[in-house]
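The values are calculated or read from the model by the stated rules, or taken from the named source; none is laboratory data. If you're wondering where the values come from, they're calculated on a predicted model, not measured in any experiment. Methodologically, a virtual Cβ is constructed for each residue, glycine included, from the backbone with ideal geometry; neighbour enumeration extends over all protein chains shown. Protein only, heavy atoms only, side chains kept; ligands, DNA and RNA dropped before computing areas. Shrake-Rupley method; radii C 1.70, N 1.55, O 1.52, S 1.80 Å.
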Amino acid sequence: MVALLVLAGCSTAALPLDTDTMDRTVQPLPCDAPVEGVEPRGTGPPESVQEVLVGATRSMSGGAVVAIGAEGAVRYCAAGSADPEGSPLVPDHVFRIASITKTFTAVLVLQLVEEGLLELDDPVTDVLPGLDLADDITVRQLLDHSSGLHDFLDASFDLAVREDWDRSWTSAEILERVALEEREFEPPGTDRRYSNTNYLVAGLIVEELTGRPFAEVLRTRITAPLGMTHTALGPDGPEPVTGFSPIMPAGSTDTVSYRALETSTGAAGGMVSTAEDLMTFAEALTEGRLVSPESWSEMTDVTEVDDGIAVGLGLMEDEAGRLFHEGDLPGYRSLLILPSAAEDGVVVLANDSYINVFLLSERLMPAP
């Protein structure tokens, strides 16, 4: 998740959604067919994906898009509203994916490790020598949240954003604020605390070693080669659907700019995408088309932290052994569960903060 900030809006810098490509998703399986292996509720027949979605979004201002399946046999289904006027969501709508961004960032760092530009156990200051707040912290400790760095998405940053919703934040400005805060624990590596700051620093490492902006590296190394045409870092990507949340003025992102949040979260949570693009990414990652077997082993070498959840590098693992990452921003919730030899992949994208993407995914997946 990104944070519990009280923030809202829609970017004034994003590109318009390419409506010519809407509804382009090939639908190999019907949404009104039951999901195999899922037990029916009560004495009735098993629910279909569409029935589950409609039930989960019926009382919501927004809705959800779901992708479930494996390569060549993925259902893309949608229910609910894309805007305050009630326009229906469709599978190709773009959403803010929040902290699922971290999985992309981890992949980029590991690609640079494979190219010999750094090692996971290198000190961060070997790459960013002027970043004193990262003293004694390694690259690995950024990616597995064991650095102890204070999470910049705190109450004081909430107030700063409220003062100017349309401000464009840089990572340098944010890290100046973090440098004033004590670490969550010492020494690094002795505990794990989720911190968005870790991935802002990881994004700076990517930029420093490639000599290019993070958004460009993301595009050239991942999204363009995979044909992910609706995925980008927020300010450079297509406009997402309206997000609905009670903490926003008038209850939706249509009322105030999202610029401050999408620029501040950056490599930690600033991306936009679609269900189809995220399934493409998930398949490429698990099939070894983005990182080597050695890097994949590093990503999936997890340490349990709380309530059966374990943390790897840019990924988490639940009690059933499913690899995933979630995202949470005001008005948007997201979940990516990677496919495995035993189970389908799942993407849940919601544009309403009241929609519990975990509970929705559980309704659509067989019990392990």
Amide hydrogen neighbours beyond the local backbone of Met271, cut-off 5 Å, H modeled | Ile97, Ala98, Thr101, Gly234
Modelled label reach - Ala341, point 7 Å along Cα→Cβ, the range 285-311 residues with backbone N closer than 14 Å = 287
Estimated 222 nm signal from helices in the chain, with DSSP H stretches of n ≥ 4 weighted -39500 (n - 2.57), rounded to 500 = -8000 deg cm²/dmol
Binned Cα-Cα distances of the range 184-280, short to long, each 10 Å bin given as a whole percent | 14, 36, 32, 17, 2
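Any idea what the alpha-carbon Rg over 2.2 N^0.38 Å comes to for the chain?
0.94
Starting from the Cα gyration tensor of the range 40-121, take the square roots of the eigenvalues, sort them a ≥ b ≥ c, and report rounded, prolate or oblate (rounded when a/c is under 1.5, otherwise prolate if a/b is larger than b/c, else oblate).
Judged from the Cα gyration tensor, the range 40-121 comes out prolate (a/c at least 1.5, a/b above b/c).
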What's the long-distance tail for the range 71-190, i.e. % of Cα pairs beyond 18 Å?
-> 68 percent
Given the options Pro84, Pro188, Pro129, which has the most mean-square fluctuation in a GNM of the chain, springs set between C-alpha atoms less than 10 angstrom apart?
-> Pro129
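Under the rule a/c < 1.5 gives rounded, and otherwise a/b versus b/c splits prolate from oblate, where does the range 128-226 land using the Cα gyration tensor? Mind showing how you got there, number by number?
Numbers: a/c = 1.87, a/b = 1.14, b/c = 1.63.
Here the range 128-226 falls in the oblate category.
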Carbon plus sulfur, as percent of the 1.4 Å-probe accessible area of the chain, comes to 50 percent
For the pair Arg193 and Glu362, the simple spin-label estimate (label points 7 Å beyond Cα toward Cβ) gives in nm 2.9 nm
Most mobile of Leu226, Leu143, Leu180 per a Gaussian network model of the chain (Cα springs, under 10 Å)?
-> Leu180
Return one whole number: the accessible area per residue of the chain in Å², for a 1.4 Å probe.
-> 40 Å²
Give the accessible area for Tyr194 in Å² (nearest 10); use a 1.4 Å probe, count only protein heavy atoms, and leave out ligands, DNA and RNA.
-> 70 Å²
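Roughly what % of Cα-Cα distances in the range 289-368 sit above 19 Å, to the whole percent?
Details: 1314 of 3160 pairs.
The share of Cα pairs beyond 19 Å in the range 289-368 comes to 42 percent.
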Within the set Phe281, Phe185, Phe95, GNM on the chain using Cα springs under 10 Å gives the largest fluctuation to Phe185
Quick one: go through the range 183-199 and flag any residue whose amide nitrogen is under 12 Å from the point 7 Å out along the Cα-to-Cβ line of Arg177.
-> 197
If you average 1/r over all unlike Cα pairs in the range 62-102 and invert the result, what Kirkwood radius do you get in angstrom?
-> 11.4 Å
In degrees rounded to 10, the 0-90 angle between helix 101-114 Cα long axis and the longest Cα principal axis of the chain is 50 degrees
